[in-house]
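The values are calculated or read from the model by the stated rules, or taken from the named source; none is laboratory data. Everything numeric here is computed off the predicted structure, so don't read it as measured data. Cβ coordinates were reconstructed from backbone atoms using ideal geometry, including for glycine residues, and neighbour counts include every protein chain displayed.
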């Protein structure tokens, strides 16, 4: 996006997209609480849907008005809080069930921690690694893995959530590897 086409500067904090991301960060604890207390319900589904939809729309708004460095930090943070919080809330909510979520949750957690460290390291070198299309799909699949476990119509078919979370774990590892390769390529080109 050209500088003259931007509604907000790169360092802007109070943008519509960032406000939507902040909303998502505020809704995340409510969603996590609802999973722990009453995992399978339409209310939990609705709150989760609102959080996921706001992620989709804040991306559209950010692209229309211009992305910001604060948004580049806050948006993935909100995704991590909702996904990791949701996964661990599912595990806690049914300790006798959903044990098949533990290993993918650990894989996803390790990747997210590693990516945060890696992105921070690259940012200190002046390198920004934008999210790829498959990384956005990865978040979408992670959201659906959680959704399948809270939607009353699908929650009793545990295999849907299990298959989806393992697909998300594979995508998570792949996108982490791609970020690493892309970051090394950009760093090597300097």
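Name the residues in the stretch 156-167 that are part of a helix (DSSP H, G or I) and closer than 16 Å to residue 91 by Cα, would you?
Listed by number, the residues that qualify are 158, 159, 160, 161, 162, 163, 164, 165, 166.
Return the total of residues in the stretch 38-62 being without any contact (Cβ under 8 Å) to a residue 40 or more places away in the chain and over 17 Å from the mean Cα position of the chain (by Cα).
Within the stretch 38-62, residues that are without any contact (Cβ under 8 Å) to a residue 40 or more places away in the chain and over 17 Å from the mean Cα position of the chain (by Cα) number 3.
Which ones in the stretch 143-152 are farther than 19 Å from residue 92 by Cβ and part of a helix (DSSP H, G or I)?
144
For (1) in a helix (DSSP H, G or I); (2) surrounded by fewer than 16 Cβ atoms within 10 Å (Cβ to Cβ), each residue gets a yes or a no:
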| site | (1), (2) |
| --- | --- |
| 105 | yes, no |
| 108 | yes, no |
| 112 | yes, no |
| 135 | yes, no |
| 139 | yes, no |
| 154 | no, no |
| 177 | yes, yes |
| 181 | yes, yes |
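Say we look at the stretch 37-69 and pick out the residues that are within 18 Å of residue 88 (Cβ to Cβ) and surrounded by fewer than 16 Cβ atoms within 10 Å (Cβ to Cβ); which of these is modelled with the lowest pLDDT?
It comes out as 38.
Quick one: residue 100 ticks every box in (1) buried (at least 18 other Cβ atoms within 10 Å of the Cβ); (2) assigned to a helix (DSSP H, G or I); (3) at pLDDT below 95 except a single one, so which number is it?
(1)
So residue 131 ticks every box in (1) in a loop (DSSP other than H, G, I, E, B); (2) over 24 Å from residue 58 (Cα atoms) but one. Which box is left unticked?
The one condition residue 131 does not meet is (2).
Out of the stretch 156-171, which residues are crowded, with 19+ Cβ neighbours inside 10 Å and closer than 17 Å to residue 110 by Cβ?
Matches in the stretch 156-171: 165, 168, 169, 171.
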